[in-house]
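This report concerns only the one structure given below.
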Amino acid sequence: MDYDDGNIFARILRGEIPCKKVFEDEHTLAFHDINPQTPIHVLVIPKGAYISMDDFSTKASDAEIAGFVRAIGKVARDLGALEGGYRILSNNGPNAHQDVQHLHIHIFAGKNLGRMIKPADK
Ligand code: AMP
């Protein structure tokens, strides 16, 4: 699958639609999810055109990967999520119900998140 630069996060990166930004640097943007599932629900995305973790982990530069991982940690820290704890999650592909075809990491925090995800039907 080729990257579709009409996806919603590509449009946010180009400034065509607004977001509630919490962090930005050379390689990474983080913003509040428009439909938060927890009191704190932030998305962290690489600025490069990567569909998925597979795409990112195989094609991104070491600087992009390091910057992205460090940004996830910093955003969670700056959100005040360290003491109570937080969960990071990334949906990749159809079985994971990835809706936006630009790699993104969800940060969930601000309440007891329960134990992992509910077991899927076997
Ligand atoms: P996923 O199922 O992992 O692809 O999740 C996509 C996430 O993007 C969902 O949690 C949506 O609420 C979120 N989302 C979609 N459009 C926007 C937007 N314009 N700004 C912020 N978050 C968005």
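Values in this text are rule-based calculations from the coordinates and carry no lab data. Not measured: the values here are computed from a predicted model. Cβ coordinates were reconstructed from backbone atoms using ideal geometry, including for glycine residues, and neighbour counts include every protein chain displayed.
Only helices enter the 222 nm calculation for the chain: every DSSP H run of n ≥ 4 contributes -39,500 (n - 2.57), and dividing by all residues gives -7000 deg cm²/dmol, rounded to 500.
Sorted by packing (mean other beta-carbon atoms within 10 Å per residue), highest first, where do 98-104, 10-16 land?
Final packing ranking: 98-104, 10-16.
Normalised by 2.2 N^0.38 Å, where N counts its residues, the alpha-carbon radius of gyration of the chain equals 1.05. Computed 3J(HN,Hα) for segment 83-95, one whole-Hz value per residue from the Karplus formula 6.51 cos²θ - 1.76 cosθ + 1.60 where θ = phi - 60°, is 5, x, x, 8, 10, 10, 8, 9, 7, 10, x, x, 5, glycine and proline marked x.
Each Lys and Arg contributes +1 and each Asp and Glu -1, all at the Cβ; summed about the Cα centre of the chain, the dipole is approximately 580 debye.
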